[in-house]
1. Distance from the Cα centre of the stretch 245-290 to that of the stretch 152-216, in angstrom?
2. Once you sort the root eigenvalues of the Cα gyration tensor of the stretch 198-293 as a ≥ b ≥ c, which label holds: rounded (a/c under 1.5), prolate (a/b larger than b/c) or oblate (the other case)?
3. Measure of size requested: the Rg and Dmax of the stretch 222-341, with Cα atoms as the atom set and Å as the unit; please supply both.
4. If the chain between Arg163 and Ala39 were fully stretched, how many nm would it gain, using 0.36 nm times the residue separation less the Cα-Cα distance?
5. Under the Karplus relation 6.51 cos²θ - 1.76 cosθ + 1.60, θ = phi - 60°, what is the ordered set of whole-Hz ³J(HN,Hα) values for the stretch 183-193, x standing for Gly and Pro?
6. Given labels modelled 7 Å from the Cα in the Cβ direction, how far is it in nm from Arg289 to Arg194?
7. With a probe of 1.4 Å, find how much accessible area the stretch 266-348 has per residue, and write the answer as a whole number in Å².
8. Counting only C-alpha contacts under 8 Å and six or more residues apart, can you give the relative contact order of the stretch 222-341 as a whole percent?
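The values are calculated or read from the model by the stated rules, or taken from the named source; none is laboratory data. Predicted model, so just to flag it, every value in this text is computed and none were measured. No Cβ is skipped: glycine too gets one built from the backbone with ideal geometry, and neighbour counts run over all protein chains shown. Areas reflect the complete protein model, heavy atoms only, side chains present, ligands, DNA and RNA absent. Shrake-Rupley method; radii C 1.70, N 1.55, O 1.52, S 1.80 Å.
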Amino acid sequence: MNEMTQPPAATPSATEFDADPVPRLGWPVGVVSERLGIAAPTLRSWDRRHGVGPSLRTSGNHRRYTELDISRVRLMARLTAQGVPAQSAADSVLSMDAAAIVEHLESSPGPASGTPDSNRTIGARGAGGTGGAPALEDSAALVEAIVAAARALDPRTMAQLYRQVMRRSDVGRAWVEVFAPALRRVGDLWQEGRLGVQAEHLTSELLQSELRAVVRANRLRVAGSPVVLAGADDEQHHLPLLALEAELARNGVASLFLGPRVPAEALVSTLRETRPRAVFLWASLPRQRTEAFWQHLAVVDWPLEVVIGGPGWSEGIELPDGPVTLTRVADFTTAVRTLVSSPGGLSR
Ligand code: B12
């Protein structure tokens, strides 16, 4: 059994500690403070107010931290340094078992050894020092902070984190390095039964607002014939479409955003009406290779590039003869590049 998973030992007596300068059963607050670089009053306050503290007490009521307690405190420090409020950070830390704590600490390595965690001051390393979240270089830590905010159902922190990420980078980088990994992690935790669906809803709803704000901010820059963005029939997932719309807007490309669950007939009739140069279709959930939509494209009589993205699309899709081309894209950046440069698009 891993040392981290051992149950706390019985409360040691004061004499045991007095007799042994390197206590075997727990560390006093001063040692933990020095080891982590966190002031002792802060440690005492996290214990008193948020329950993140030592599991053991001496018979003289002195605090004694186990290695697991220390890991909890380290993660608490990491999260609060990323802007997560103390109570949310504590809720998150206390909801995790030893393995999850280790996993979180490892997925977001702290500063070089010898540097106390508390030196990871908020925004200190961020380009422009806007304060709040670590620089985007620290994307694993940002993912961790977003997941912690989801776990704590903390919309304020989550929105702050989203905005900070967007201020520091373009949508593409934000999506690829932080938002998509955070969504995948939230999805995995939901699938494992470790996170309620409400946390998944909160994560995606707030992200939708932030992505739409980028589209609004760029409305005056967009020009040219719009590309159509749509979720496949019955497909509720549409965040990648919103991220695409935002990044295309930043690139000056107009889109006609139809959102999730677009019925095949409605999509085809939109295509006939607007005659776009390109349409992007997203599918997260598995789809049939032979669905009717592809045959409906027989009515298209202008050069239309159909771009498909998402893990739901099967191989071997067959198109009717005609001017329609099919392009499958595996990642966000390629999707943007393809849509920006599809024939008839902005020349760049
Ligand atoms: C948010 C979310 C929701 C939200 C959607 C909100 C919204 N407005 O979009 C809600 C709560 C509505 C929802 C509902 C459901 N969901 Co959901 N959901 C997610 C979650 C967490 C994120 C979705 C997302 O935006 N993904 C975008 C990126 C992150 O997806 P990705 O697949 O990792 O991307 C890969 C590539 O596509 C590429 N990529 C990444 N980004 C981009 C962008 C572009 C443009 C391109 C081209 C490529 C690309 O990189 C990745 C590969 O390395 C995912 C988790 C996940 N892993 O996706 C689950 C997930 C997709 N959902 C899942 C499920 C099961 C459901 C439900 C069926 C649950 C239910 N029983 O009701 C319903 C779906 C109902 C329906 N008919 O559609 C499963 C799907 C499993 C499967 N393959 O069948 C997932 C994977 C969760 C899981 N781990 O099990 N969901």
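1. 22
2. Values: a/c = 2.56, a/b = 1.09, b/c = 2.35.
Oblate, since a/c reaches 1.5 and b/c is not below a/b.
3. 13.0, 35
4. Numbers: separation 124, 0.36 × 124 = 44.64 nm, distance 3.01 nm.
Net length gain for the segment: 41.6 nm.
5. 5, 4, 5, 4, x, 5, 5, 5, 4, 7, x
6. In this crude spin-label approximation the distance works out to 3.6 nm.
7. On the way: 4320 Å² over 83 residues.
Computed with neighbouring chains in place, this is 52 Å² per residue.
8. Working: 238 pairs, mean separation 31.2, N = 120.
Relative contact order here is 26 percent.
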